[in-house]
Amino acid sequence: MAGVRASDAKYKQIALGMYAKIIDVKPEDSFRFDCLRCGTCCSRTPGVNPKEASRIAKYLGISKLDFFSSYVTLMVDPFYGRKAKLDMRGDYCVFWEKEKGKASCKIHEVNPRQCRARPVAGLSRDPSKSGLEAINLGIQPCRGFGRGQEYTVKEWIEMNGLDRAWQEESEYLDKIKSMRLTTPSNQLKAKIIDMFVLES
């Protein structure tokens, strides 16, 4: 794949309503992307792990407990048991705001990996792929995809610190899986909360 353009048939298909299509890519593949700050991706709040939560709390100048109790919801996840997500305010992430016709993120400098990664994601729909083979472009209805500067997938990963971010997320999810095996279900929620407010 020499590059993914807005004119690609797959992109047109998605633009016509196929919401969650992805294109699996290799590190050397290229794409064009320019965030138009439209807020589309902010209408689905990202997951957050304890290390990300700790960085955001510090950035906001509040305790980890205050951050967790004010901005995070533990969601039931069929695979991991519970997963933490940033809260919504209306139809958008609690940190999304629109001023003078432009959208912005109050925590952009320390936002979670899911936000920094877009439109690159670290999982493939093909279960036989892993590691760098599993990288994909999640080109949900994003008007910024196919515009602006060209990047290779590798450049995007390095520029946004995604190797480290994905490693942190993997470690967090591994801890949750382990806790599910050793912790009674009625104590799991409290243990996960402890990870957010006591650790990292």
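The values are calculated or read from the model by the stated rules, or taken from the named source; none is laboratory data. Here the structure is a predicted model, which means the values were calculated and not measured. Cβ sites come from the backbone with ideal geometry, for glycine too, and all protein chains shown count toward neighbours.
Points worth noting:
- All positions within region 101-117 that are exposed (fewer than 14 other Cβ atoms within 10 Å of the Cβ) and either out of contact with any Lys or Arg (no Cβ under 8 Å at 6 or more places or on another chain) or closer than 13 Å to THR45 by Cα (or both): GLY101, HIS108, GLU109
- Close pairs from region 153-174: first touching a residue at least 40 places away in the same chain (Cβ under 8 Å), partner among the aromatic types (Phe, Trp, Tyr) and surrounded by 20 or more Cβ atoms within 10 Å (Cβ to Cβ), Cβ under 7 Å, at least 6 apart: none
- Once region 127-170 is narrowed to residues that are of a type in the set (Gly, Ala, Ser) and closer than 18 Å to VAL48 by Cα, the residue that is modelled with the lowest pLDDT is SER170.
- Of all residues making up region 153-200, the number that are on the phi > 0 side of the Ramachandran plot and not hydroxyl-bearing (Ser, Thr, Tyr): 1
- Residue pairs whose Cβ atoms lie under 7 Å apart, separated by 6 or more positions or on different chains, with the first residue in region 27-42 and over 17 Å from GLY101 (Cα atoms) and of a type in the set (Lys, Arg) and the second crowded, with 18+ Cβ neighbours inside 10 Å and modelled with pLDDT of 80 or more, are ARG32/GLY146.
- Qualifying residue in region 173-186 (condition: under 20 Å from ILE56 (Cβ atoms) and touching a Pro at 6+ places or on another chain (Cβ under 7 Å)): no
- Subset of region 177-200 (residues that are assigned to a helix (DSSP H, G or I), modelled with pLDDT under 85, touching a helix residue (DSSP H, G or I) at 6+ places or on another chain (Cβ under 9 Å) and under 18 Å from THR73 (Cα atoms)): LEU188
- Entry remark, region 101-123: residues being charged (D, E, K, R) and modelled with pLDDT under 80 number 1 in total.
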